[in-house]
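Right, one structure below, let's go through it.
Nothing in this text is a laboratory measurement; each read-out follows from the coordinates by a stated rule. Everything numeric here is computed off the predicted structure, so don't read it as measured data. All Cβ positions, even for glycine, are placed from backbone atoms using ideal geometry, and neighbour counts span all protein chains on display.
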Amino acid sequence: MKLFDVYPLNDITIVRGEGSYVWDDKGQQYLDFYGGHAVISIGHTHPHYVHRINDQLGQIGFYSNSIIIPQQQLLADKLGEVSGKGDYQLFLCNSGAEANENAMKLASFHTGRKKIIAFSGAFHGRTSLAVAATDNPSIVAPVNATENIVFLPFNNVATLESYFAAHGNEVAGVIVEGIQGVGGIVVAEEDFLKAIGRLCDEYGAVYIADSVQCGYGRSGKFFSHDIAGVSADIYTMAKGMGNGFPIGGIIVAPHIKPKYGMLGTTFGGNHLACAAAIAVLEVLANDKLLDNAAAMGRYLQEELKKISELQNVRGRGLMIGFDVPQQYTGLRKNLLNTHYIFTGEAKPNVIRLLPALNITHKEADTLLNAIRAEIKSMKEQQAVLQNN
Ligand SMILES: Cc1ncc(COP(=O)(O)O)c(C=O)c1O
């Protein structure tokens, strides 16, 4: 059987990982500034994580949500402590799209309304409502398209206010990334997030903070949205939550009440996934990784801004993007093929840095030196071409 060919692949087979390094089947070492797409939060094969998962697997890996799974409560308690949202309620699922799907569904159940506001440049996943709320028509199948999702311009308070003034009583929720990831590392402005919080309160709508990529400490805060000083009604999470083990979840403010059967999943919150997520939270707290993300993010941005060829260096914590001018288009490919460093991208010309939250100065310097060396070498090649 062939694989369903939907991914354009790099010709690389990764067989092993440790910390911020991975190795291919030929023994070549790579520095991982992509984090497997913002997923690796505490580093590959962190010993505490491996231990907790192995230990759990030796006892029981899965049983259904029809029985008590104490690991879920332990996870909820730790999540409450680390995120500062101890009064919220946790619902567990398996991925970012599923988290957003559940959040929007819950907003609709809670308000009895249908309309969800999403924003230009948004990415919320590939399942039905999540993809409908994603600003990329090429991945929305005809069956997913719905008039219930309304797109408004990102970071534009005036348009949001006018929409609420005209239709506020139809709005079930507003879904927004604190820092747009797939959209190219675009930070939501504080005034914009404040306005979302205020308007949702005023009109009884639900503020959904998509924290799938920008959450879980990546920005240096547990939730990047909280920089605005306004709490969302629902936060959605996945990626860094399991450090590669598939787990997602939503945390729900106390005023939104659950009902039996309202949400559900077979695999969500299973013993093994909880063990992975508990280990991640323990390492985040014990190793003070939010502080490291903030400090290393500052350092990387300061140094990247000194490289004059890179444009619009931006982001927060370890969610950083910059624009690559056309004459250096090959930069990302060369970082991988010549310097063996993985980075992320966003179309058309953005390099995204999404490393593990325990990245070190030495590893940051390896990346920075490689960028400097690569730009120098590309400049030299261009000069040779011009002189011939
Ligand atoms: C902000 C955001 N939301 C949701 C998703 C979807 O997550 P998943 O691929 O786990 O379904 C992504 C994935 O990149 C994302 O970046």
(request) Please quote Rg/Rh for the range 92-171 to two decimal places, taking the Kirkwood radius as Rh and restricting both calculations to Cα atoms. (result) 0.97
(message) I want to verify the translational diffusion coefficient of the range 142-290 in µm²/s; compute it with Stokes-Einstein, Rh as the Kirkwood radius over Cα pairs, at 10 °C and 1.306 mPa s.
(response) 94 µm²/s
(request) Note down the net charge around Q382, summing +1 for each Lys or Arg and -1 for each Asp or Glu among other residues with Cβ under 13 Å from its Cβ. (result) -1
(request) Could you work out the longest stretch of the chain that avoids the chymotrypsin sites (Phe, Trp or Tyr not before Pro) located in DSSP loops with at most 10 other Cβ atoms within 10 Å? (result) 5-259
(message) What percentages make up the Cα-Cα pair-distance distribution of the range 1-115 when the bins are 10 Å wide from 0?
(response) 10, 24, 34, 24, 8, 1
(message) Whole-Hz ³J(HN,Hα) for each residue in the range 274-287, computed from phi via Karplus 6.51 cos²θ - 1.76 cosθ + 1.60 with θ = phi - 60°, x for glycine and proline: what do you get?
(response) 5, 4, 4, 5, 5, 4, 4, 5, 5, 5, 4, 6, 5, 9
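Of all the Cα-Cα pairs you can form in the range 57-132, what percent are over 15 Å apart? Walk me through the numbers before you get to the answer.
On the way: 1965 of 2850 pairs.
Cα-Cα pairs in the range 57-132 separated by more than 15 Å: 69 percent.
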(message) Could you tell me what a quarter of the Cα convex hull surface of the range 149-237 works out to, in nm² with one decimal place?
(response) 5.2 nm²
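Please arrange S20, S231, S138 by how many other C-beta atoms lie within 10 Å of their C-beta, fewest to most.
Values: S20 24, S231 17, S138 4.
If I rank by nearby Cβ atoms, fewest first, I get S138, S231, S20.
What is the gain in length, in nm to one decimal, between E302 and T338 on full extension, counting 0.36 nm per residue of separation less the C-alpha to C-alpha distance? Working shown, then result.
Values: separation 36, 0.36 × 36 = 12.96 nm, distance 2.45 nm.
Gain in length upon complete extension: 10.5 nm.
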(request) Rounded to the nearest 10 degrees, what's the angle between the helix 96-111 long axis and the longest principal axis of the chain, both from Cα atoms, 0 to 90? (result) 30 degrees
(request) Kindly provide log₁₀ I(q)/I(0) values, in the same order as q = 0.18, 0.19, 0.22 Å⁻¹, from the Debye equation applied to equal alpha-carbon scatterers of the range 70-212. (result) -1.08, -1.19, -1.46
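Any number yet on Rg/Rh for the range 195-266, C-alpha, Kirkwood? Mind showing how you got there, number by number?
Values: Rg = 13.4 Å, Rh = 13.4 Å.
A ratio of 1.00.
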(message) Let me spell out the model: positive unit charges on the Cβ of Lys and Arg, negative unit charges on the Cβ of Asp and Glu, origin at the Cα centre of the range 283-375. What dipole size does that give, in debye rounded to 20?
(response) 180 debye
(request) Could you calculate the FRET efficiency of H255 with K194 from 1/(1 + (r/R0)^6), where r is the beta carbon distance between them and R0 is 25 Å, rounded to 0.05? (result) 0.85
(request) Could you work out the equivalent-ellipsoid semi-axes for the chain, taking the square root of 5 times each eigenvalue of the Cα gyration tensor, largest first, in whole Å? (result) 34, 27, 19
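If N is the number of residues in the range 279-368, what value comes out of its Cα radius of gyration divided by 2.2 N^0.38 Å? Walk me through the intermediate numbers first.
Numbers: Rg = 13.7 Å, N = 90, 2.2 N^0.38 = 12.2 Å.
Here the answer is 1.13, to two decimals.
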